[in-house]
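Peer 1: Dropping the structure in here first, questions after.
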């Protein structure tokens with residue numbers, strides 16, 4: 001099977017690098033277009049995107065500082081992600097591929113991956129799976145599980161390699 005538009009959801013982890021390398025290998029072999037994508041999630045476990053409302057007694061000045069801190073954190077993460085994606089594009093260029101990239105800020109990474117891949121016209125999504133199960137998956141979610149069940153095209157899931165005990 002040959003793919004023409006390969007969409008790779010990557011991050012700056014060992015698994016993200018494996019996803020990139022596999023997508024790059026497929027794109028070179030199929031002479032396909034490739035889109036690299038990273039979703040900066042608005043909410044990270046333990047961090048609140050919206051401070052306690054003023055009517056619950058929070059000082060307006062403190063609330064403004066919290067919003068500013070959140071905005072600066074998000075801007076920093078988007079800048080880091082864009083740099084990462086540019087580095088991946090440079091590596092792909094050495095293989096003779098022209099690669100596009102995009103970075104979005106969304107609340108749900110799985111939905112963002114599916115929607116962006118569909119809008120770009122992907123016929124394959126390459127995504128990593130960390131192997132979370134049970135309560136961990138229930139609390140943190142599973143991007144790969146969401147993508148497998150909601151994507152409008154084929155999905156290639158790269159399993160994270162677990163260190164042997």
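Peer 1: For region 4-15, give me each residue that is modelled with pLDDT of 95 or more and surrounded by fewer than 22 Cβ atoms within 10 Å (Cβ to Cβ).
Peer 2: Once the filter is applied, which keeps residues that are modelled with pLDDT of 95 or more and surrounded by fewer than 22 Cβ atoms within 10 Å (Cβ to Cβ), region 4-15 yields 4, 5.
Peer 1: Also: Within region 113-139, which residues are surrounded by fewer than 14 Cβ atoms within 10 Å (Cβ to Cβ), in a helix (DSSP H, G or I) and modelled with pLDDT of 90 or more?
Peer 2: 119
Peer 1: Any residue that is closer than 30 Å to residue 128 by Cβ, outside any loop (DSSP other than H, G, I, E, B), over 17 Å from the mean Cα position of the chain (by Cα) and modelled with pLDDT under 85 - is there at least one of those in region 36-52?
Peer 2: Within region 36-52, not a single residue is closer than 30 Å to residue 128 by Cβ, outside any loop (DSSP other than H, G, I, E, B), over 17 Å from the mean Cα position of the chain (by Cα) and modelled with pLDDT under 85.
Peer 1: Please go through region 73-112 and give me each residue that is surrounded by 13 or more Cβ atoms within 10 Å (Cβ to Cβ), modelled with pLDDT under 90 and farther than 15 Å from residue 38 by Cβ, ordered by number.
Peer 2: Residue satisfying the conditions is 73 alone.
The values are calculated or read from the model by the stated rules, or taken from the named source; none is laboratory data. Since the model is a prediction, treat every value here as computed from it, not as a measurement. As a convention, Cβ positions derive from the backbone with ideal geometry for all residues, glycine included, and neighbour counts pool all protein chains shown.
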